[in-house]
1. For the range 10-30 and the range 108-159, compute the distance between their C-alpha centroids and round to whole Å.
2. Given contacts defined as C-alpha pairs under 8 Å and at least six residues apart, what's the relative contact order of the range 1-83, whole-number percent?
3. Among Gly26, Gly141, Pro130, whose Cα lies farthest out toward the positive end of the dipole of the chain, if unit charges sit on the beta carbon of Lys, Arg (+1) and Asp, Glu (-1)?
4. Order these by the 10 Å Cβ neighbour count, fewest first: His11, His63.
5. Cross-link list Lys8/Lys87; Lys8/Lys91; Lys14/Lys55: which exceed 24 angstrom alpha carbon to alpha carbon?
6. Just add up the charged neighbours of Arg129: K/R +1, D/E -1, any other residue whose Cβ is under 14 Å from the Cβ of Arg129.
7. Charges on Cβ only, +1 for Lys and Arg, -1 for Asp and Glu, centred on the Cα centroid of the chain; of Gly155, Val85, Ile57, which one is farthest towards the dipole's positive end?
8. What ranking, highest mean first, results for peptides 76-84, 52-60, 98-106 when packing means the other Cβ atoms within 10 Å averaged over each residue?
Amino acid sequence: MGWKAAQKLIHHWKILRGDNVMIIRGKDRGESGTVKRVIRSQNRVIVEGKNLVKKHIKQGQGHEGGIFTVEAPLHVSNVQIVDPVTKQPCKVGIRYQEDGSKVRVSRGIGASGSIIPRPEILKIRATPRPTIAGPKDTPMGLVVEKTYDVKTGKGMPDL
């Protein structure tokens, strides 16, 4: 990627993996699907089952070759999130609720202004967090041990 293209990268993404989007430009215009993958380094998304292209793959060690149909990436400007109430494509805005949490809302002409929920797939971790202490974990006794006393200055390293 050239430096001009790198300048135009999106920093605050409003489309997430698992969102329901509608394609507004290209050969699959008007069709909707789920975002399978977000490629932030290229400002592109892959929509499940849309923008299918034929790909010729050479036979190699451990896999067979042939002509396969794969989903090609779409530029993020060619898709819009579907409003959960009206089922029409809409722009996305950010609002803060009374409790301080940040939510995405639908906006634009014909949008309902309703909250667009975060996809459930983002809440699932690929690798679960460990529940037991491993060999490189710090023991709990050392974590809660008081090593510095403010009043006496005891425990301060010699600088």
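Please treat every number below as a calculation from the coordinates, not as lab data. Quantities reported herein were computed from a predicted structural model and do not represent experimental measurements. Cβ sites come from the backbone with ideal geometry, for glycine too, and all protein chains shown count toward neighbours.
1. 32
2. Answer for the range 1-83 is 28 percent.
3. The one lying farthest along the dipole's positive direction is Gly26.
4. Numbers: His11 5, His63 9.
Lowest to highest Cβ neighbour count: His11, His63.
5. On the way: Lys8/Lys87 30 Å; Lys8/Lys91 19 Å; Lys14/Lys55 30 Å.
Checking Cα-Cα distances, Lys8/Lys87; Lys14/Lys55 exceed 24 Å.
6. Residues close to Arg129 contribute a combined charge of +1.
7. The listed residue farthest towards the positive side: Ile57.
8. 76-84, 98-106, 52-60
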